[in-house]
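Structure, as structure tokens:
The values are calculated or read from the model by the stated rules, or taken from the named source; none is laboratory data. Just so it is clear, the model here is predicted, and its values are computed rather than measured. When we count neighbours, we look across all protein chains shown, and the Cβ atoms used for this are built from the backbone with ideal geometry, even at glycine. We work out accessible area using only protein heavy atoms, side chains counted, and drop any ligands, DNA or RNA first. Shrake-Rupley method; radii C 1.70, N 1.55, O 1.52, S 1.80 Å.
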Amino acid sequence: MYVCICRAVTENEVHDCIAEGATSAKQIRDTTGAGGDCARCVRKICAILKRSQELTTA
């Protein structure tokens, strides 16, 4: 599923960034471009980051 329609960034690409060490929406934006245009996807990216952090600390 697309997270960022403006830059055609998928949820899998966001997960890949997290797996490579990204811990913030800014780091994901710097790598993929997601959130660099209209920024509507930033909330979704933050939710994915939070879910990922909860899974790693549980």
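Scanning the stretch 11-31 for residues being within 15 Å of residue 1 (Cα to Cα) and of a type in the set (Val, Ile, Thr) gives a total of 1. Hey, can you tell me all the residues within the stretch 1-21 that are touching a residue at least 24 places away in the same chain (Cβ under 8 Å) and either under 16 Å from residue 50 (Cα atoms) or not β-branched (Val, Ile, Thr) (or both)? Across the stretch 1-21, the qualifying residues are 3, 4, 6, 7, 11, 14, 15, 18. Just to be sure before I move on: is residue 28 β-branched (Val, Ile, Thr), surrounded by 15 or more Cβ atoms within 10 Å (Cβ to Cβ) and under 19 Å from residue 57 (Cα atoms) in the structure I sent? For residue 28, the condition - β-branched (Val, Ile, Thr), surrounded by 15 or more Cβ atoms within 10 Å (Cβ to Cβ) and under 19 Å from residue 57 (Cα atoms) - is not met.
So that you can scan it fast, the table gives a plain yes or no per residue for (1) acidic (Asp, Glu); (2) touching a strand residue (DSSP E or B) at 6+ places or on another chain (Cβ under 9 Å):
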site	(1), (2)
1	no, yes
5	no, no
13	yes, yes
20	yes, no
24	no, no
50	no, no
54	yes, no
57	no, no
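Hey, any hits in the stretch 42-57 for a residue that's among the polar types (S, T, N, Q), modelled with pLDDT under 95 and open to solvent by 100 Å² or more (accessible area, probe 1.4 Å)? Looking for residues that are among the polar types (S, T, N, Q), modelled with pLDDT under 95 and open to solvent by 100 Å² or more (accessible area, probe 1.4 Å), one finds at least one in the stretch 42-57, hence yes.
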